[in-house]
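Take a look at the structure set out below.
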Amino acid sequence: MRVLLALFVAGSVALAVVIARAEPAPDPARGVDGIAAWLNQVAGDCTDVRKGEDFAAFAGPVRAKVYGPFVAEWGTCAKPPYEQLGLLVLRPGLEEAWRGALARGEVRGDPDLVFGDGFAITGSTGMEHLGLKRLECTPAACALVQIKHH
């Protein structure tokens, strides 16, 4: 009986994760508000979206220089454990820009963003449950990879 109960609980948890991943992804055409609504739907919080603040003050001068040209819209919301979780609607080309900055020595490592289709979020903790990906780069190539559970 304990084995059946354990299998039922494990199956329920696995199903919950699959259902969470099956949630519709945000539509970047709805902008930052669409990303926030999606986060609120699948993970809770992220309801008070702030826009119009200085992107360089938020991202820092180096990241603002690399990310900035590819950010169509951005904002922040509070989503524990983050006081300011950055929500970015992206234009194409960020991967190539990061790779170029990496090759020129302007940045090191990978971008501190997690990516969906046409958008990115600045956090990483807990994002593996949302089906988002990390961008791993070398000066020669970049690849989006699934975030692994910690």
For residue 49: the one exception among (1) of a type in the set (A, V, I, L, M); (2) in contact with a Cys (Cβ under 6 Å, 6 or more places away or on another chain); (3) in contact (Cβ under 8 Å) with a residue 40 or more places away in the chain | (3)
Of the residues that sit in region 31-48 and are at pLDDT 90 or above and open to solvent by less than 10 Å² (accessible area, probe 1.4 Å), which one is farthest from residue 82 (Cα to Cα)?
-> 31
On the given criteria, is residue 112 part of a loop (DSSP other than H, G, I, E, B), open to solvent by 20 Å² or more (accessible area, probe 1.4 Å) and in contact (Cβ under 8 Å) with a residue 40 or more places away in the chain?
-> yes
Return only the number of the condition from (1) under 14 Å from residue 135 (Cα atoms); (2) in a loop (DSSP other than H, G, I, E, B) that residue 46 does not satisfy.
-> (1)
Of those in region 58-103 that are open to solvent by 40 Å² or more (accessible area, probe 1.4 Å) and among the small types (Gly, Ala, Ser), the residue farthest from residue 46 (Cα to Cα) is 103
Among the residues of region 88-108, count how many are touching a strand residue (DSSP E or B) at 6+ places or on another chain (Cβ under 6 Å) and in a loop (DSSP other than H, G, I, E, B).
-> 1
Looking at (1) surrounded by 16 or more Cβ atoms within 10 Å (Cβ to Cβ); (2) under 13 Å from the mean Cα position of the chain (by Cα); (3) under 18 Å from residue 143 (Cα atoms), can you tell me which one residue 28 breaks?
-> (3)
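The values are calculated or read from the model by the stated rules, or taken from the named source; none is laboratory data. If you're wondering where the values come from, they're calculated on a predicted model, not measured in any experiment. Neighbour counts are summed over all protein chains in view; Cβ atoms, including those assigned to glycine, are modelled from backbone coordinates with ideal geometry. Note: areas computed on protein heavy atoms with side chains; ligands, DNA, RNA excluded. Shrake-Rupley method; radii C 1.70, N 1.55, O 1.52, S 1.80 Å.
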